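Notes follow the structure.
Only the coordinates and a few stated rules stand behind these numbers; no lab work does. Note that the coordinates shown come from a computational prediction; the quantities given were computed from them, not determined experimentally. Cβ: placed from backbone, ideal geometry, glycine included. Neighbour counts: every protein chain shown.
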């Protein structure tokens, strides 16, 4: 049916070509080439959707044409934290509210049969959003460049409640197209010139390295302590900063990812206090990537803001924190919703961020709505409250079980070591590489872990990302995997990884 | 009610502050200031949401508190092409399809009562999108970094049909968060270093000047010919290019906005052929901003691609064209949907653009869906076909009437001159400034047209954008206004502008 509809292309005969005497003589040479384009963009790397994933997509296409071509029938995409692409169901109530906000009133909230399809509390919230938050303009208009004021109020209320009452100012909140967009904005403002340096964890989520490279800044990596479940170590922070300063780098900011991506740690309160003091001491703007704040399976999430408050440094810290609807139990990646909160950022700098937000007009309204619904669900007593909470709990509980299945399963493979995934959606095991893999990688201009990941992909269909894409200590090898596929599939994956590793070690023994 | 719900903030007493002996001694000085931040961002200007608009928002807040404070009761926002913020209703069928795609199946397409609220063809299309285009993952998953393949196919089919059968390749189409996002990506790739220049029209839409400034490239302005309804003149293009090259600027690209923003022109076929030849002759990448291609009230829209084909230069041109769901008759600004088509762009450069798209994961899925629905509405014979076409026609016809009301109305004011708005959503009149306005502007460090616009705003509540924010010839003054508010309101606006101008000329006579 689809095909029939698409063949309705006008088959009007194209206007005959005019041979153009003058211009046809010009030499035909591309102006925009890999060499003439921005070299900052060219050198930028983004592993999460890099070569291994491109190879996986190719194999998926081949499998669609010929299911017998590989010893597996589908690709298991564990390269990216994209829960709804691999079976996680969306939470129902937020989708119902969103649909009602998008529907014109007469076929939505005002339709006589609306309650046949929608619960009362979804209708009520949609009516409130349309009438109050969106001032009657609906979801099809550009909003304020920072995002809808009432949604920013919802976010501020959420942050204040989360942090035990420390106030949050809706005027210092920007709604964004996912956290990536806000991170990009902030780094664009922070990186003043080619001397500017940004401290980033090693390993790190590659949006930071990619954006810093693109903006011609310096990445100043600090190592996390794998032995201590990827905790941060104050001496290591001081070392990394001092070394960069000796090299003439003007380090002005510090990126913290907590809970960790790709490393899955949940930092202790003491560790967070250390970081806050370090940033204040060295006058560094703290960028706190807290998109996994709901994904905590062991320990407690302490926000960077709360840590600053507890140290008595809330008035001194310059802090920008990021959150997103893509993670947590919402997993609404396709919505591109998120926010950042500015704390202690100079007013005039805030104005410049506002100007930058204005130049791209506003964040997608669907993402803004979802952000508001994430931070303010149905109220206790409303008809959807129980089911909404139950859906959230089921997703959380299953993620928690999977975090253990995968981290313990990988850790038990001889040659592997994997720290517990106390938070986020990832495990980041280290893998001993057989000598032949190291040699062949060198000969073929790749990394041993990239070689390993391609081999794993082609043998098992499991798509993971080489650890080299996130950064790690010299001589360490490994990969990042999500634990998002369903529990039985994750069990099978661990077994397959184990079997494949044995064969891989034999193949590359020397 | 809202207030009650919001007061549910946990009033847990914050943890007492620990006085931190060491760090409390550090001098408290902001690290990130207007002087230490990126100066490229600081100097960037974006007039469409600039100072006049910020002033208008302030007045709107004052009016809400005290409706008697100004001689008007509301702000008429004609500063931005944001149709649904000022009364344009969304098209019904696309919203119905979108809502059904977002709803989980059991409370949406599979609900026994679905047809009580939704028409059959919306259900059918939603089922097709969910099952086929989104491969069962729904709208909550990240998609392919270029956007959903089936939606890119829809776009390619649309382009081919529009251009009389010239083929379009879905692999060369990227779906984006509105056109702005795609323009930003392309300029990021194009601007290799501080010597790179991009030819832009004067006047232009400020996303170009803003992004080029931010990327430290050179704006190479070419003047459009106001006397000839803002046509382009080949000699002027050659002059601008030669002058830039003499200054050592490496001009590698050319921006065309057709139909024009802020100028409202629809370029003739001959003019487009000239531009194509000029770009091929000088080996410039042509960036064709065609977001107003449906907003043509006089004349005919000819795409840059079709023009290249007609000149026999389709194999030689390097062309990137942009489109959006925010304009046309959809006006779905809040959705942030759009696309770009690459023609003749080097494969490896395409790979780099793909990498850049991957680093921000994907365009918002709501925008992708809306793009698909814009280029492929209900089919003839389907139940919503007639009403959908009728809604589109009503919006188009009214825009066409308003284009005449406003351009002729403004042109008839003594001291004003306004070319017909043959396309887009804007009029760009020139306004003679009384000597006092020029003097006072100089004294107060503003432009005469900014002074005029603030005066107009405070007297009438009409919010327009100073022409200086778009660029114009030395000594010309004026503003840009949309013609989006309802017809009666636009009539009243023209009258008010006329009255105010008389008073303004008296106030600033000397």
Percent of Cα pairs exceeding the 31 Å cut-off, where the set is the range A:142-375:
15 percent
Calculate, for residue B:398 and residue A:57, the FRET efficiency according to 1/(1 + (r/R0)^6) with r their C-beta to C-beta distance and R0 51 Å; round to the nearest 0.05.
0.65
In terms of the alpha carbon gyration tensor, root eigenvalues a ≥ b ≥ c, rounded if a/c is under 1.5 and otherwise prolate when a/b exceeds b/c or oblate, the range B:296-357 is oblate
Using the Cα gyration tensor of chain B, with a ≥ b ≥ c the square roots of its eigenvalues, what is the shape: rounded (a/c below 1.5), prolate (a/b larger than b/c) or oblate (neither)?
rounded
Can you tell me, using C-alpha contacts under 8 Å and at least 6 residues apart, the relative contact order of the range A:142-375 as a whole percent?
27 percent
Across peptide B:94-101, how many C-beta atoms of other chains are within 10 Å of each residue C-beta, on average?
5
Sort B:400, A:355, B:393 so the one with the fewest other Cβ atoms within 10 Å of its own Cβ comes first.
B:393, B:400, A:355
Ranked A:76, A:431, B:494, criterion: other C-beta atoms within 10 Å, fewest first
B:494, A:76, A:431
Measure off 7 Å from each Cα along the Cα-to-Cβ vector at residue A:235 and residue A:193, then give the distance between these two points in nanometres to one decimal.
3.6 nm
Between residue B:149 and residue A:64, how many nm apart are label points set 7 Å from Cα along the C-beta direction?
0.2 nm
Measuring from centroid to centroid over Cα atoms, what is the spacing of the range A:204-241 and the range B:56-118 in Å?
44 Å
Copies of residue A:239 compared via label points 7 Å along Cα→Cβ give distances in nm, shortest first, of 6.5
Looking only at the range B:142-375, where both bridge partners belong to it, what percent of the DSSP beta bridges are antiparallel (to the nearest 5)?
35 percent
How far, in nm, would the chain grow between residue A:227 and residue A:417 when pulled straight, counting 0.36 nm per residue and subtracting the alpha carbon separation?
67.4 nm
Would you list B:354, A:508, A:339, A:309 from fewest to most Cβ contacts within 10 Å?
B:354, A:508, A:309, A:339
Which part of the range B:101-140 falls in the paramagnetic zone of residue A:74, meaning amide N under 17 Å from the point 7 Å along Cα-to-beta-carbon?
B:130-140
Give me a single rounded figure for B:309-315: the average over its residues of other chain Cβ atoms within 10 Å of their Cβ.
5
Along Cα→Cβ at 7 Å, what distances in nm separate the residue A:400 label point from those on the other copies, shortest first?
6.3
Sort shortest first the distances from residue A:438 to its counterpart in every other copy, using label points 7 Å along the Cα-to-beta-carbon line, and give them in nm.
7.8
Average partner coverage of A:78-85, which counts Cβ from other chains inside 10 Å:
4
Over chain B, what is the percentage of antiparallel beta bridges among all DSSP beta bridges, to the nearest 5?
50 percent
Tally the DSSP beta bridges in the range B:269-382 and give the antiparallel ones as a percent, rounded to 5.
60 percent
Which value at 222 nm does chain B reach when only helices count, each DSSP H run of 4 or more adding -39,500 (n - 2.57), with the total divided by all residues and rounded to the nearest 500 deg cm²/dmol?
-13000 deg cm²/dmol
When ranked by the protection proxy of mean other Cβ atoms within 10 Å per residue, highest first, what sequence do the peptides B:150-158, B:171-179 form?
B:171-179, B:150-158
If you take the square roots of the eigenvalues of the alpha-carbon gyration tensor of the protein assembly as shown and sort them as a ≥ b ≥ c, do you get rounded (a/c under 1.5), prolate (a/b over b/c) or oblate?
rounded
